Amino acid sequence: MSFLNSTAWVIITFLFFTALVAVISAWKTKGDNLESTNGYFLAGNGLPGIVIAGSLLLTNLSAEQLVGTNGQGWATNMSPMAFEVGSLFTLFALAYFFLPTYLRYGVTTMPELMEARFDRTTRLIFSVLTVIMYSILNLPVILYSGAVAFERIFDFSGSLGISRFMAVAILCVIIGIIGACYAIFGGLKAVAVSDTINGVGLLIGGLMVPFLALAMLAKETGGSGIIDGFMYMVQTEPSKLNAWAPWDAAQPALPWPLIFTGMFFYNLFAWCTHQSFVQRTLAAKSLAEGQKGAIFCGFLKSIGFFYLVLPGVIAYFLPSIQDTIAAAGSNAIDVAYPALIAAIIPKPVLGFFAAVLFGAILSSFNSVLNSASTMFALDIVKAIIKPDQPEVYYVKIAKRFGTLVAAIAICISPFIAYANGITTFLNSMMQFLGLPILTTIMGAIFFKRVPNWTPKVVTAFHIVVYALFLLISPSYPTNGEPVHYLYAMAVLFVVEIVFYAVLNHTSTAEEWNPPATGTVDMTPWKYRHVVCIIGAVLAVALYIFFSPIGIAG
């Protein structure tokens, strides 16, 4: 038993589970054609629904969310769960409206659809901006948040006698190199297979956290068992379990009107037009398998609050870790979850949990890196610079570019420490480009008469207005707190879509209606309606439960 509680056992189990994922991924991709663009970028259109669901979940879920969203729960209440439960409805939108269009036209990237509908300049603008966003924002944040989680849980700085900054920097290098190997050498299928395996481990490891935390809370507050721990929170400060924050709540809480507006529009971008997410569904065997993957992922996201928000709320009540969190000062919001994990996970399973966390970090990193390489090779090099090269040339370009981007992300990642609140920082910065991508894709699908210059004007307008919003930083008149950035999204989305609608109504241009060029079976999944209704009922029930008329009252 003493060996099971030793550091050596933790290291052995961590290496075993991490190596197991690599071996299975290599085995599942053995013999695949990774020299063609379809094989490397779209896994040969051979992904089944369950693999798509797992890959979607793990692409979205990383230490950035485990650390950041739980930190938001610690600092506020259950309101950040809207990003999880709300994803259910936008994944339904992907299955019903967006994915059928993508597969019908046989697109590989979002900018490819933009060129087909508008022009090559639109494709180039969004390709370049998206690749830059992935390189200097998404990838560094993923690496940094993962490194912080590992440093806080395993205390590398203390073990090695170095500063926390140096420990985080070293971990960023290690995670970046391993993640890049998956994306660069294995293509999309290797990424998707590893995502699925890690997804199973994450559900096991992540769902175990709140139970262990509640049991410890009960023990430290004079109770016994999970129920006593939960009831302690309900009786002590029920408002922490409320998912309905006031309309003027300060960040990182999510004001309740944004559940139906700004956050919904943000999730539409993330799940329906974000290349690193959508690329998994574009690799589906058929429309039915793609719809299964999106809808199954929606169910997994609807229970995501259980390991992404609730543990942070429990950390707020747990006496034994308050000093550790308080010692972090301004970074306390990003320390709450690692401090909780370090306190509650038993040593015999800590290695397994570390491997699961490591897998989540790798999955997000290699997924975004794969998408950045795909867009650079196909939307910039193939479409603009060298359009008449053999397919193996673009695969080679993607691998070289992936190596360069990984190196850039590794160099930037340690300095994300100077951003207060990982998740809020990342989400707010992504809105410079997120909403223009969404409105451009919606313009292509739903407004088929608008002039080709429309997305350029809308994008320029959006960037200028959103930048002014962040610079001015208006405050709520009721309490002086800064207005939530998603209120800006709520207003800008309506303005931009109305602009598209007016131009579409007044334009005399011929309607855009290209022939279908997709090659997969377009028969829809016959059970989609029933399953989606069940999911909607589940989401409503969760919001009633975490409300003043439920346990928060």
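The values are calculated or read from the model by the stated rules, or taken from the named source; none is laboratory data. As the structure is a prediction and not an experimental result, all values here were calculated from the model. Every residue, glycine among them, receives a Cβ derived from its backbone with ideal geometry; neighbour counts consider all protein chains shown. Surface accessibility is based on the protein's heavy atoms, side chains included, excluding ligands, DNA and RNA. Shrake-Rupley method; radii C 1.70, N 1.55, O 1.52, S 1.80 Å.
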Complete set of residues in the range 522-544 that are touching a Leu at 6+ places or on another chain (Cβ under 9 Å) and either farther than 26 Å from residue 283 by Cβ or polar (S, T, N, Q) (or both)
523, 536, 538, 539
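Would you be able to say whether some residue in the range 73-94 is of a type in the set (A, V, I, L, M) and at pLDDT below 85?
In the first step, residues of the range 73-94 are kept if they are of a type in the set (A, V, I, L, M); the result is 75, 78, 81-82, 85, 88, 91, 93-94.
The next check asks that each one be at pLDDT below 85; those that pass are none.
Looking through the range 73-94, none of the residues is of a type in the set (A, V, I, L, M) and at pLDDT below 85.
Among the residues of the range 314-330, is any in contact with an Asp or Glu (Cβ under 7 Å, 6 or more places away or on another chain), assigned to a helix (DSSP H, G or I) and not aliphatic (A, V, I, L, M)?
Initial filter on the range 314-330 (in contact with an Asp or Glu (Cβ under 7 Å, 6 or more places away or on another chain)): 318-320.
Those still in the list that are assigned to a helix (DSSP H, G or I) too: 319-320.
From the residues that got through so far, the ones that are not aliphatic (A, V, I, L, M) too are 319-320.
Checked the range 314-330: at least one residue is in contact with an Asp or Glu (Cβ under 7 Å, 6 or more places away or on another chain), assigned to a helix (DSSP H, G or I) and not aliphatic (A, V, I, L, M).
Give the residues of the range 252-275 that are in a helix (DSSP H, G or I), touching a His at 6+ places or on another chain (Cβ under 8 Å) and within 17 Å of residue 547 (Cβ to Cβ), sorted by residue number.
Across the range 252-275, the qualifying residue is only 258.
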Let me confirm something: among 69, 101, which residue is open to solvent by 10 Å² or more (accessible area, probe 1.4 Å), part of a helix (DSSP H, G or I), over 16 Å from residue 262 (Cα atoms) and among the hydroxyl-bearing types (Ser, Thr, Tyr)?
101
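Against the condition touching a residue at least 24 places away in the same chain (Cβ under 8 Å), open to solvent by less than 10 Å² (accessible area, probe 1.4 Å) and either under 28 Å from residue 316 (Cα atoms) or of a type in the set (Lys, Arg) (or both), how does residue 290 come out, does it pass? First the steps, then the outcome.
Working: touching a residue at least 24 places away in the same chain (Cβ under 8 Å): yes; open to solvent by less than 10 Å² (accessible area, probe 1.4 Å): yes; either under 28 Å from residue 316 (Cα atoms) or of a type in the set (Lys, Arg) (or both): no.
For residue 290, the condition - touching a residue at least 24 places away in the same chain (Cβ under 8 Å), open to solvent by less than 10 Å² (accessible area, probe 1.4 Å) and either under 28 Å from residue 316 (Cα atoms) or of a type in the set (Lys, Arg) (or both) - is not met.
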Which numbered condition residue 530 fails, given (1) part of a helix (DSSP H, G or I); (2) touching a helix residue (DSSP H, G or I) at 6+ places or on another chain (Cβ under 9 Å); (3) farther than 22 Å from residue 240 by Cα; (4) open to solvent by 30 Å² or more (accessible area, probe 1.4 Å)
(2)
Could you identify the single residue in 227, 197, 177, 184 that is out of contact with any Asp or Glu (no Cβ under 6 Å at 6 or more places or on another chain), at pLDDT below 90, more than 16 Å from residue 312 (Cβ to Cβ) and surrounded by fewer than 17 Cβ atoms within 10 Å (Cβ to Cβ)?
177
Could you list, in sequence order, all residues of the range 466-489 that are surrounded by 15 or more Cβ atoms within 10 Å (Cβ to Cβ) and either farther than 22 Å from residue 250 by Cβ or without any contact (Cβ under 8 Å) to a residue 24 or more places away in the chain (or both)?
469, 483
Looking only at the range 153-168, and only at residues there that are open to solvent by less than 20 Å² (accessible area, probe 1.4 Å) and in contact (Cβ under 8 Å) with a residue 12 or more places away in the chain, the one that is farthest from residue 359 (Cα to Cα):
167
Going through the range 506-521 one residue at a time, which ones are in contact (Cβ under 8 Å) with a residue 40 or more places away in the chain and either assigned to a helix (DSSP H, G or I) or under 23 Å from residue 281 (Cα atoms) (or both)?
513, 514, 516, 517, 518, 519, 520, 521
Per the list (1) open to solvent by less than 10 Å² (accessible area, probe 1.4 Å); (2) out of contact with any His (no Cβ under 8 Å at 6 or more places or on another chain); (3) at pLDDT below 95; (4) not small (Gly, Ala, Ser), residue check on residue 462 breaks on (3)
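Just to be sure before I move on: is residue 378 in a helix (DSSP H, G or I), of a type outside the set (D, E, K, R) and open to solvent by 10 Å² or more (accessible area, probe 1.4 Å) in the structure I sent? Spell out how you get there, then give the answer.
Numbers: in a helix (DSSP H, G or I): yes; of a type outside the set (D, E, K, R): yes; open to solvent by 10 Å² or more (accessible area, probe 1.4 Å): yes.
Yes, satisfied.
In this structure, does residue 338 turn out to be under 25 Å from the mean Cα position of the chain (by Cα) and at negative phi? Walk me through it before giving the result.
Numbers: under 25 Å from the mean Cα position of the chain (by Cα): yes; at negative phi: yes.
It is true that residue 338 is under 25 Å from the mean Cα position of the chain (by Cα) and at negative phi.
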Quick one: in the range 496-524, of everything that is closer than 29 Å to residue 434 by Cα and in contact with a strand residue (DSSP E or B) (Cβ under 9 Å, 6 or more places away or on another chain), which residue is surrounded by the fewest Cβ atoms within 10 Å (Cβ to Cβ)?
522
Hey, does the range 237-245 have a residue that's assigned to a helix (DSSP H, G or I) and either touching a helix residue (DSSP H, G or I) at 6+ places or on another chain (Cβ under 8 Å) or at pLDDT below 85 (or both)?
yes
